[in-house]
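Colleague: Input: one structure, supplied below.
The values are calculated or read from the model by the stated rules, or taken from the named source; none is laboratory data. What you see is a predicted model; the values in this text were computed from it and never measured. Every residue, glycine among them, receives a Cβ derived from its backbone with ideal geometry; neighbour counts consider all protein chains shown. The area values use the complete protein model at the heavy-atom level, side chains included, leaving out ligands, DNA and RNA. Shrake-Rupley method; radii C 1.70, N 1.55, O 1.52, S 1.80 Å.
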Amino acid sequence: MTESEWLAGKHPQPMLSSLFARGGKKANTKLRTTGGSDERHRMFGIACCRRVTNVLEFGDTYALACLEIYANEGLREALLKARRFHRPAGNSASHAMSEVDSSDRNAYLLVAARLLASGAVWFCTKSKPTQAAMAYAEAARAAASISLSANPKNDTAPTNAFPPPLADEFAVQCDLLRDIFGNPFRSVAFDPRWRTEHTIGLALRMYDEREFAAMPILADALEEAGCESESILTHCREPGVHVRGCWVVDLVLGKS
């Protein structure tokens with residue numbers, strides 16, 4: 001994959017394959033490395049799942065929270081906690097799927113979305129980050145089921161099979177990859193002196209609240225702290241999707 005293909009990509013698979021080929025990197029809070037840390041693959045999977053939270057059960061969302069909150073305490077412990085909470089939700093989704101009347105189009109699609117979304121969460125609990133990243137596919141199919149169920153005029157939805165993913169959802173997932181991994185073809189140095197009380201406060205609030213409207217303000221604060229990195233400032237100021245795992249926010253917070 002070339003840099004231009006990465007920047008214009010509309011399907012996650014070739015982009016992920018390019019990242020996998022580069023291999024995971026150890027945490028480096030002073031540099032955005034070209035391959036990204038292994039845990040960033042899991043953050044991508046989680047971000048995809050959070051786009052379909054309206055069909056997830058409590059156990060699913062709690063499992064995602066476990067992966068986010070406890071990961072720093074040790075991956076094995078985080079995975080065990082996530083799987084314990086996810087298992088009842090996944091079983092419930094499977095049971096609901098077996099009980100639904102496939103002739104009821106909307107009911108079938110919503111239950112299918114629930115099952116697919118729960119399956120995506122299960123991928124996030126995989127120990128290998130390359131497997132966790134594969135949550136994108138199930139999440140995209142869940143999004144397709146939700147979209148079709150919301151459009152009663154669309155008669156193309158299947159009644160005995162899961163719908164294929166929508167191209168629009170894949171495109172958004174590619175934006176998530178670019179937000180989490182940045183541009184893997186260019187390394188970006190981060191000066192610790194840019195990590196001021198103001199920049200850390202802004203980044204921490206966005207991270208905790210999952211609300212990233214203050215990204216342009218973060219750019220101004222970084223610039224005031226002496227940051228002249230075009231890559232960092234442009235990422236903050238340009239319109240686009242931002243989620244937990246955003247490479248600039250994580251650099252400010254000293255995360256991998």
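Colleague: Could you report the accessible area of Asp250 in Å², rounded to 10, computed with a 1.4 Å probe on the protein chains as they sit in the structure?
Modeller: About 10 Å², ignoring ligands and nucleic acids.
Colleague: Given charges of +1 on the Cβ of Lys and Arg and -1 on the Cβ of Asp and Glu, with all other atoms neutral, how large is the dipole of the chain about its Cα centre, in debye to the nearest 20?
Modeller: Roughly 840 debye for the chain.
Colleague: Run the helix sum for the chain: -39,500 (n - 2.57) per DSSP H stretch of 4+ residues, divided by residue count, reported at 222 nm to the nearest 500 deg cm²/dmol.
Modeller: Helices in the chain give a 222 nm mean residue ellipticity of -19500 deg cm²/dmol.
Colleague: Can you tell me, using C-alpha contacts under 8 Å and at least 6 residues apart, the relative contact order of the chain as a whole percent?
Modeller: Normalised by residue count, the contact order of the chain is 26 percent.
Colleague: If you line up the long axis of helix 197-209 against the longest principal axis of the chain, both from Cα atoms, how many degrees apart are they, to the nearest 10?
Modeller: 0 degrees
Colleague: Count neighbours as other Cβ atoms within 10 Å of each site's Cβ, and list the GluC sites (Glu not before Pro) in region 163-256 that are DSSP loop with at most 13 such neighbours.
Modeller: When the GluC sites (Glu not before Pro) of region 163-256 are filtered for loop state and at most 13 Cβ neighbours within 10 Å, Glu211, Glu228 remain.
Colleague: Given (i) 1.05; (ii) 3.62; (iii) 1.11 as candidate values of Cα Rg over 2.2 N^0.38 Å, which corresponds to the one derived from the coordinates?
Modeller: (i)
Colleague: Counting only other residues whose beta carbon sits under 10 Å from that of Met15, what net charge do I get with K and R as +1, D and E as -1?
Modeller: My count for the surroundings of Met15 gives +1.
Colleague: Can I ask one more? Would you check the chain for Lys pairs whose C-alpha atoms are within less than 30 Å, ignoring same-chain pairs closer than 8 in sequence, and give me the count?
Modeller: 23
Colleague: At 1.4 Å probe size, what's the solvent-accessible area of Val55? Round to the nearest 10 Å².
Modeller: Its heavy atoms expose roughly 20 Å² to the probe.
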